[in-house]
Amino acid sequence: MSITAAMVKELRERTGSGMMECKKALSEAGGDLDAAVELMRKAGLAKADKKSGRTTAEGRVSARVSADGKNAVIIEVNCETDFVAKGDDFVAFVDDVAECALASGAETLEALLEAPMKGSTVEQIRRELVAKIGENIAVRRHALFQSDAGQIGSYLHGTRIGVLVELHGGDADLGKDVAMHVAACSPVCCDETGVAPELIAREKDIFSAQAEASGKPANIIEKMVEGRIKKYLGEITLTGQPFVKDPDQTVGQVLKSKSASAIRFVRFEVGEGIEKEESNFAEEVMAQVRAS
């Protein structure tokens, strides 16, 4: 059967693949468009599996809060390059996954990947997007907040940093302000009760060794260490940090003035903790051209 330009054009529109790939698939399928689509999907998913080990340190963070403010999700989806992270297909996928995460109420990443989305699953659509774009894509992490009595605040700093905060008391404005503070100042936990005892013990040992080197009396050293520990806890806890919008007050003081308290928070930053491979962008582009 003769493969016409119109057939190639239709297949390209349906799959987003290159002209030569479409023509080859149509030839193998004997001009059957549906069969050609299936062939390309199988070949594309095989390619997607091969790309699964490639480093994904770019991407986007997105968050959604339900209309009643009682449920919220935050997700991080990664890709290999900033160029793809800004592309329409990737942006649309991240938005769809965020909506799916909120609607499905998936509590684990595994459940989210298997959640239904647009007639398929998140994982299946992810793999198809990998095949279409030519880069590895990973739904790296997500968090679900559900609160019957509290207030959930969210804040996105562009597309690279996102925060959810659950408060007891307060209002939507306070929730957003505290979430903004977490985005800017990266506290480790809400208050002193969330700091691991071994972490405090380690810091105390370090501070003690530094103070003893000063040659001061033991009682003075003890007070110096206590002061250093108090300062350290103020630096790493949400309630102890100076409030980013009013440094004359701590976050704890701001919350108390609003008859509120911080229950928990989560902060995602794109690529956090991922060791990014250094590479030549021009070489990456040429490699993708050769692969296609």
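The values are calculated or read from the model by the stated rules, or taken from the named source; none is laboratory data. This structure is a prediction, so every number in the text was calculated from the model and none was measured. With ideal geometry, Cβ positions are generated from the backbone for all residues, glycine too; neighbour counts draw on all protein chains shown. Side chains included, ligands, DNA and RNA excluded: accessible areas come from the protein's heavy atoms. Shrake-Rupley method; radii C 1.70, N 1.55, O 1.52, S 1.80 Å.
Annotations
- Residue-normalised accessible area of the stretch 121-209, given per residue in Å² at a 1.4 Å probe: 45 Å²
- Between 0 and 90 degrees, the angle of helix 88-104 with respect to the longest Cα principal axis of the chain falls at about 60 degrees.
- For the stretch 123-173: relative contact order, % (alpha-carbon pairs under 8 angstrom, 6 or more apart): 27 percent
- Accessible-area ranking of 200, 236, 137, largest first, probe 1.4 Å: 200, 236, 137
- Of the residues 174, 250, 22, the one whose Cα sits farthest toward the positive end of the charge dipole of the chain, with +1 on the Cβ of Lys and Arg and -1 on the Cβ of Asp and Glu, is 22.
- Degrees between helix 33-50 axis and first principal axis of the chain (Cα, 0 to 90, nearest 10): 40 degrees
- The chain - percent of accessible surface contributed by carbon and sulfur, probe 1.4 Å: 52 percent
- Pairs beyond 27 Å (Cα-Cα), from 176/204; 86/118; 70/258; 86/132; 223/258: 176/204; 223/258
- Given the chain, longest segment not containing exposed loop GluC sites (Glu not before Pro) (DSSP; at most 10 other Cβ within 10 Å): 1-274
- In the chain, the alpha-carbon atoms span a convex hull of 170 Å³ per residue.
- Averaging the sequence gap over all C-alpha pairs within less than 8 Å and six or more residues apart, then dividing by the number of residues, gives the stretch 216-275 a relative contact order of 16 percent.
- Net dipole in debye of the chain [+1 Lys, Arg Cβ; -1 Asp, Glu Cβ; about Cα centre; nearest 20]: 220 debye
- Angle between the chain longest axis and helix 19-28 axis [Cα atoms, degrees, rounded to 10]: 60 degrees
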